Amino acid sequence: MTVWLERHLPKMVLAPSFIAILIFVYGFIAWTAWVSLTRSRLLPRYDIEGLIQYERLFAAPRWDTAMNNLFIFGTLFILISMALGLLLAILLDQKIRTEGAIRTIYLYPMALSMIVTGTAWKWMLNPGLGVEAMVRRWGFEDFTFDWLVNPDMAIYTVVIAGVWQSSGFVMALFLAGLRSVDEEIIKAAQVDGIPTFRIYTAIIIPSMAPIFLSAFIVLSHLAIKSFDLVIALTGGGPGNATDLPATYMYAMAFSRGDIGQAASSAMVMMAVVFAIVVPYLYSELRAKND
Amino acid sequence: MTDIPFQPRRSNTSRLFLRVLLYVLIALFALYYLMPLFVMLTTSLKSLEEIRTGSLIALPRDITFEPWQKAWSGACSGVTCEGLRPYFWNSVLLAVPAVLISTLLGAINGYVIAQWRFKGANLIFSAMLFGCFIPFQVVLLPMARVLGIMDIAGTISGLIFVHVVYGIGFTTLFFRNYYVTIPQELVKAAKVDGAGFFRIFWAIFLPLSLPIIVVTVIWQFTQIWNDFLFGVSFSQAGTQPITVALNNIVNSTTGVKEYNVDMAAAIIAALPTLLVYVVAGKYFIRGLTAGSVKG
């Protein structure tokens, strides 16, 4: 008996966590997938009706706005964060005397809640008393910067705040990458008289491809899940102008009482995440096991 | 790579110019990142009158701590006017147990997966890892029902449960990746000496684990303290965590808009994680990079 126990103890210790993951991750995904195929409204129903929820979803103008916004926000957020992160990493890589302190400053927004970030930028970007009023006070009477309340531009304020929050983190990733490039190669290039700029573009940056990939994965994951930032910054408004899939899903689940729509939009979000993450995870795990 | 000296053929003046330009750029970016914090802090110390008449970036003329007092114990969200204080303690009561439980589970799971390999252990690990990536929207609806069935809907215990369940994946990942670097001979030798599964964990592995425990605790604390999605979905009046209360105060539509109180409240909500970051930034960054470059 004790021998049996001793042999199976590790499995028994792992079992509760594994069962929890099976139920609360995989079981719940299955539940959501099932309900997304039914006519559920305020209460879930379990008789499968086919793809009607998805048809409703793709016909809904609000979902259309949300997906468009995700595309605009995601593209700009990822590109700008990466470009800025790389630039900052290269600047900090030039033997800066106060590097530690500067790095701390660049990275601290990552420790903040998106709600705090959203609240801060909402205050600074409000046209009445924020940046617009400040510049007007300087004497530029016609200056307008009303993106926060302008339905066509509001999504870009989400990009501004999102980049502010995440670019320092990308900098940290890239800086670690720059420091892991083989010094011998760089020294050899320097001896050959290759200019610094060329050393970066031709040797260092190409060798950091895996870091670009992981930065891309993390940023796209952040973009798709973006919820709190929009809620705090614009509340999805003006109107529905800054809705994202996550806010659409939340509205359907908890204020509109439309469980079918909530489930189907959540499934689409998951599909988007997996389309990006699964190939990456798969290659990572395979590389590990080989 | 630590340094790329500028090209020797450049003249001294152009070298100096580039160096100055570099520092100016770095300082400008530092200003960009510090600006919002500076504006929050100064706004929180101004009276409403001064906010209306002064510039966004001006220093406060008459420093007042009234907004802070109000944010802490008097600001209104909806019908109640108790400030952030009760919600701050909600978040503490939520974060402390959730962080401890998920860290402990992660440690023991990581220990099993890395050191007591059995058939299927890698598959289980992959399954747990996969769970880290799902957008949580996909589990919100069933979780709301299950919390109701378990009779912990709208309670802090319910939120602790949710954070533990969806934190296990990450904590297991952290500890597994740490323990996998410890040679397996250690366990074998301890077994020969008659030590059992738990004895080896408590006496050998836990004492070795301080760095990864710090990384995991900081990661989990930051995640849970800053969480909004679970908080807003699974709490009710009175049990909301601080992020939800902050959002309610800022977006409360009753009465005059008190920007100074909003900013003080935002800083209060941010202080614990900021403090952790300033004190243990090294571990914070390690968690971030370990959590992102997964596997």
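The values are calculated or read from the model by the stated rules, or taken from the named source; none is laboratory data. Just so it is clear, the model here is predicted, and its values are computed rather than measured. Reconstructed Cβ throughout: ideal geometry from the backbone, glycine too, with neighbour counts over all protein chains shown. Ligands, DNA and RNA are stripped out before the accessible areas are found, and what is left, the full protein with its side chains, is counted by its heavy atoms. Shrake-Rupley method; radii C 1.70, N 1.55, O 1.52, S 1.80 Å.
On a C-alpha basis, how far is the centre of the stretch B:129-172 from the centre of the stretch B:72-93 in Å? Whole number, if you could?
Their Cα centres are 24 Å away from one another.
Compute the accessible area per residue over the stretch B:124-261, keeping the other protein chains in place, probe 1.4 Å, unit Å².
Accessible surface, normalised per residue, equals 37 Å².
Filter chain A for me: DSSP H helices, axial length by Cα at least 15 angstrom, mean Kyte-Doolittle hydropathy not below 1.6. List them by residue number.
Within chain A the helices that satisfy the rule are A:209-225.
Probe radius 1.4 Å, ligands and nucleic acids ignored: give me the carbon and sulfur share of the accessible area of chain A as a rounded percent.
After summing per-atom areas, the C and S share lands at 66 percent.
On average, how much area does the Cα convex hull of the protein assembly as shown cover when viewed from any direction, in nm²?
Quarter of the Cα hull surface area: 31.5 nm².
Ignoring ligands, DNA and RNA and using a 1.4 Å probe, state the total buried accessible area between A and B in Å², rounded to the nearest 100.
9100
Rounded to two decimal places and with Rh computed the Kirkwood way over Cα pairs, what is Rg over Rh for the stretch A:15-96?
Value, to two decimals: 1.26.
Taking only DSSP H segments of four or more residues, each worth -39500 (n - 2.57), what value at 222 nm results for chain A once the sum is divided by all its residues, to the nearest 500 deg cm²/dmol?
-21500 deg cm²/dmol
Just reorder B:MET35, B:MET128 by solvent-accessible area, largest first, 1.4 Å probe, all chains present.
B:MET35, B:MET128
Which percent of the Cα-Cα distances in the stretch B:85-289 go past 22 Å?
Percent of Cα pairs beyond 22 Å in the stretch B:85-289: 56.
Just the number, please: Stokes-Einstein D of the stretch A:75-138 in µm²/s, Kirkwood Rh from C-alpha pairs, 4 °C, 1.567 mPa s.
D = 90 µm²/s.
How long are the three semi-axes of the equivalent ellipsoid of the stretch B:12-64, in whole Å, if each is the root of 5 times an eigenvalue of the C-alpha gyration tensor, listed from largest down?
Each semi-axis is √(5λ); the values are 36, 10, 7 Å.
Mind listing the phi-derived Karplus ³J(HN,Hα) values for the stretch B:151-158, rounded to whole Hz, using 6.51, -1.76 and 1.60 with θ = phi - 60°, and x for any glycine or proline?
In residue order, the calculated couplings are 6, 10, 5, x, 10, 5, 4, x Hz.
Jot down the radius of gyration and Dmax of chain A, Cα atoms only, both in angstrom.
For chain A, the Cα-based Rg and Dmax read 24.1, 86 Å.
With the crude spin-label approximation of a point 7 Å out along Cα→Cβ, what separation in nm comes out for A:VAL191 versus A:PHE254?
Label-label distance for A:VAL191 and A:PHE254, simple model: 6.2 nm.
From other protein chains only, count the Cβ atoms within 10 Å of every residue's Cβ in A:36-45, then give the mean.
Shielding by partners across A:36-45 averages 1.
Rg over Rh of the stretch B:53-207, using C-alpha atoms and the Kirkwood radius, what does it come to?
Radius of gyration over Kirkwood radius for the stretch B:53-207 works out to 1.18.
How many nm is it between the label spots at A:ILE19 and B:LEU271, if each spot is 7 Å from the Cα in line with the beta carbon?
So the two model labels end up 4.3 nm from each other.
For the stretch A:61-289, with the dipole built from +1 on Lys and Arg beta-carbon atoms and -1 on Asp and Glu ones, taken about the Cα centre, which of A:ILE80, A:GLN190, A:MET67 lies farthest toward the positive end?
Of the listed residues, the answer is A:GLN190.
Averaged over its residues, how many other protein chain Cβ atoms are within 10 Å of peptide B:181-193's Cβ atoms?
Partner Cβ neighbours, averaged per residue: 0.
Keeping all protein chains in place and using 1.4 angstrom, which order do A:SER180, B:SER233 fall into by accessible surface area, from largest down?
Sorted descending by solvent-accessible area, the residues read A:SER180, B:SER233.
Compactness ratio of the stretch A:122-254: Cα Rg over 2.2 N^0.38 Å, N = residue count?
1.50
Mind checking the mean number of beta-carbon atoms from other chains within 10 Å of the Cβ atoms in A:225-231?
For this peptide, the per-residue mean of nearby foreign Cβ atoms is 4.
Could you compute how fast the stretch A:203-290 diffuses translationally, taking Rh as the Kirkwood radius over C-alpha pairs and applying Stokes-Einstein at 25 °C with viscosity 0.890 mPa s? Give it in µm² per second.
162
Using a 4.7 Å Cβ cut-off, which Cys residues in chain B lack a partner cysteine?
When partners are defined as cysteine Cβ atoms under 4.7 Å apart, chain B leaves B:CYS132 without one.
In debye, nearest 20, what is the charge dipole magnitude of the protein assembly as shown about its Cα centre with +1 on Lys and Arg Cβ and -1 on Asp and Glu Cβ, if you could check?
Dipole magnitude for the protein assembly as shown comes out near 1140 debye.
So, taking all protein chains as they sit and a 1.4 Å probe, how much accessible area belongs to A:GLU284, in Å² rounded to tens?
Number for this one is 60 Å².
Just want the answer: with Cβ charges of +1 for Lys and Arg and -1 for Asp and Glu, which residue in A:ILE160, A:ILE259, A:PHE212 is farthest toward the dipole's positive end in the stretch A:61-289?
A:PHE212
Compare the peptides A:253-266, B:151-164, A:137-150 by average per-residue count of other Cβ atoms within 10 angstrom and give them in order, highest first.
Packing proxy ranking, top to bottom: A:253-266, B:151-164, A:137-150.
Compute the FRET efficiency between A:ALA176 and A:ARG198 as 1/(1 + (r/R0)^6), taking r as their Cβ-Cβ distance and R0 = 30 Å, and round to the nearest 0.05.
Rounded to the nearest 0.05, the efficiency is 0.85.
Given just the C-alpha atoms of the stretch B:1-143, how large is their convex hull per residue in cubic angstrom?
Dividing the Cα hull volume of the stretch B:1-143 by its residue count gives 277 Å³.
Leaving out ligands and nucleic acids, and using a 1.4 Å probe, what accessible area per residue does the stretch A:61-289 come to in Å²?
The answer is 39 Å² per residue.
Rank these by accessible area, largest first, 1.4 Å probe: B:LYS119, B:LYS188.
Final ranking, largest accessible area leading: B:LYS119, B:LYS188.
At a 1.4 Å probe, which residues in the stretch A:267-286 are at least 10 Å² less accessible with all protein chains present than in their chain isolated?
Residues losing area: A:MET269, A:MET270, A:VAL273, A:PHE274, A:VAL277, A:VAL278, A:TYR280, A:LEU281, A:GLU284, A:LEU285.
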